1. Determine the percent antiparallel among the DSSP beta bridges restricted to segment A:28-114, to the nearest 5.
2. What is the extension gain from A:Asp62 to A:Ile12, computed as 0.36 nm multiplied by their sequence separation minus the C-alpha to C-alpha distance, in nm to one decimal?
3. Among bridges DSSP assigns within the protein assembly as shown, what percent are antiparallel (round to 5)?
4. Show which aspartates and glutamates lie in cross-link reach of B:Lys105 when reach means a straight Cα distance below 14 angstrom and same-chain residues fewer than eight apart are skipped.
5. Using 0.36 nm per residue, how much length does the chain from B:Ala1 to B:Ser70 gain when fully extended, once their Cα-Cα distance is taken away?
6. How many partner chain Cβ atoms sit within 10 Å of a residue's Cβ in peptide A:38-50, on average, as a whole number?
7. Students often forget the sequence filter, so: which aspartates and glutamates lie under 15 Å Cα-Cα from B:Lys49 once same-chain residues fewer than 8 apart are removed?
8. Could you work out how much longer the chain between A:Leu82 and A:Phe69 gets when fully extended? Use 0.36 nm per residue separation minus the Cα distance between them, nm to one decimal.
Amino acid sequence: DAGVTQSPTHLIKTRGQQVTLRCSPISGHKSVSWYQQVLGQGPQFIFQYYEKEERGRGNFPDRFSARQFPNYSSELNVNALLLGDSALYLCASSLEVVGGTEAFFGQGTRLTVV
Amino acid sequence: AQSVTQPDIHITVSEGASLELRCNYSYGATPYLFWYVQSPGQGLQLLLKYFSGDTLVQGIKGFEAEFKRSQSSFNLRKPSVHWSDAAEYFCAVGAKGYSTLTFGKGTMLLVSP
């Protein structure tokens with residue numbers, strides 16, 4: 001079975017641009033979460049979606065948004081990119097709400113903002 | 001608010017020696033605890049998890065961890081380290097019904113010959 005897949009793997013954007021990151025969860029998993037990992041830090045929670053509804057939001061500005069589709073895949077959108085948005089963006093899928101069951105992470109999307 | 005502390009930023013261990021990585025957490029409810037490993041530029045791989053029951057849990061790659069409620073700790077151990085274990089290790093805490101996993105800042109493990 002395929003694991004969590006994220007696309008693209010690497011991305012370079014200019015300040016002020018917008019970016020969309022994509023995630024496909026493990027088959028049968030209905031929960032998708034997004035994390036931002038800045039170099040040298042642990043992942044920080046951005047969003048969690050379960051059954052297409054937002055179940056949690058971390059301390060991130062409104063420039064960050066996400067959605068989950070009927071097939072449980074998800075997109076993370078970031079508008080008006082700042083240099084500080086440069087990070088590894090990780091997607092995690094789980095059967096239930098993250099924390100109640102184990103979360104499986106994708107390889108991440110490395111976003112560089114120049 | 002929940003928090004996770006990994007007091008060691010870097011640890012160097014000789015190949016074949018034992019390993020213990022420390023993790024302390026702060027959480028109001030009964031925690032669910034996890035250890036993940038991350039190789040450079042890669043995603044996170046789950047090593048082991050604790051939800052309830054036996055406080056000594058076994059994971060993949062020969063790792064184990066012990067939950068000590070009185071010390072709010074969940075330390076990761078391995079009796080004999082291999083060079084391939086060199087990576088960054090993250091402790092995380094969550095809870096059933098809550099959407100967030102809170103991670104520590106990680107411990108970078110270096111393995112010397």
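Read-outs: derived from the displayed coordinates by stated rules, not from any lab. Treat the numbers as computed from the prediction; the structure is a model and nothing was measured. Virtual Cβ from ideal backbone geometry, glycine too; neighbours counted across all protein chains shown.
1. Working: 27 of 28 bridges.
Around 95 percent antiparallel, to the nearest 5.
2. Contour length minus Cα-Cα distance gives 15.9 nm.
3. Values: 67 of 77 bridges.
Close to 85 percent.
4. B:Asp8, B:Glu88
5. Working: separation 69, 0.36 × 69 = 24.84 nm, distance 1.87 nm.
Roughly 23.0 nm would be gained on extension.
6. Details: counts 0, 0, 5, 5, 15, 10, 4, 6, 0, 1, 4, 1, 1.
The mean count of partner-chain Cβ atoms within 10 Å per residue comes to 4.
7. Cross-link targets: A:Glu102, B:Glu64, B:Glu66.
8. Numbers: separation 13, 0.36 × 13 = 4.68 nm, distance 2.70 nm.
Contour length minus Cα-Cα distance gives 2.0 nm.
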